[in-house]
Amino acid sequence: MAKGYWIARVDVKNPDAYKKYVDGTVEAFEKYGARFLARGGRCQALEGPARARNVVIEFDSLELAVACYNSPEYQRARAHREGAAEAELMVVEGIG
């Protein structure tokens, strides 16, 4: 089965509120088996606009990645991100 990946690009505007979001995601990520492959490390934009923070999270399937996003646990945490950061988030299916 192909893995599923969250790819997030984020500019944090309010670090204190964003920390509440990050802390709040732990329950959902543990429940859905998330594994961080990249989390805010160094980056270099080669094409298009850059964001300060880039995250790649692996799940066992695309379905689990979407279920994690839609879960009540994640949505509670996501509420803390409102106004704390500008973000783009997509889910991508890996190669089988």
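The values are calculated or read from the model by the stated rules, or taken from the named source; none is laboratory data. Not measured: the values here are computed from a predicted model. Counting neighbours? That spans all protein chains shown, and the Cβs are built from the backbone with ideal geometry, glycine included. We work out accessible area using only protein heavy atoms, side chains counted, and drop any ligands, DNA or RNA first. Shrake-Rupley method; radii C 1.70, N 1.55, O 1.52, S 1.80 Å.
Scanning region 21-67 for residues that are over 18 Å from ARG9 (Cβ atoms) and touching a residue at least 60 places away in the same chain (Cβ under 8 Å) gives SER61, LEU62, LEU64, VAL66. When the criteria are applied in full, ALA50 fails the requirement of being open to solvent by less than 90 Å² (accessible area, probe 1.4 Å) and modelled with pLDDT of 95 or more. The condition of being assigned to a helix (DSSP H, G or I), at pLDDT 95 or above, touching a strand residue (DSSP E or B) at 6+ places or on another chain (Cβ under 7 Å) and surrounded by 12 or more Cβ atoms within 10 Å (Cβ to Cβ) holds for only one of ALA77, ALA65, ALA38, that being ALA65. Being hydroxyl-bearing (Ser, Thr, Tyr) and touching a helix residue (DSSP H, G or I) at 6+ places or on another chain (Cβ under 8 Å), is that true of even one residue in region 6-22? Yes, region 6-22 contains a residue that is hydroxyl-bearing (Ser, Thr, Tyr) and touching a helix residue (DSSP H, G or I) at 6+ places or on another chain (Cβ under 8 Å).
Just to be sure before I move on: is ALA45 of a type in the set (Gly, Ala, Ser) and assigned to a helix (DSSP H, G or I) in the structure I sent? No.
Taken over region 1-35, the criterion of being β-branched (Val, Ile, Thr), surrounded by 19 or more Cβ atoms within 10 Å (Cβ to Cβ) and in contact with a strand residue (DSSP E or B) (Cβ under 9 Å, 6 or more places away or on another chain) is satisfied by VAL10, VAL12. If you go through region 80-96 and keep only what is of a type in the set (Gly, Ala, Ser) and either part of a helix (DSSP H, G or I) or surrounded by 17 or more Cβ atoms within 10 Å (Cβ to Cβ) (or both), you end up with ALA84, ALA85, ALA87.
Checked against the criteria, ASN70 does not count as surrounded by fewer than 17 Cβ atoms within 10 Å (Cβ to Cβ) and over 14 Å from VAL91 (Cβ atoms).
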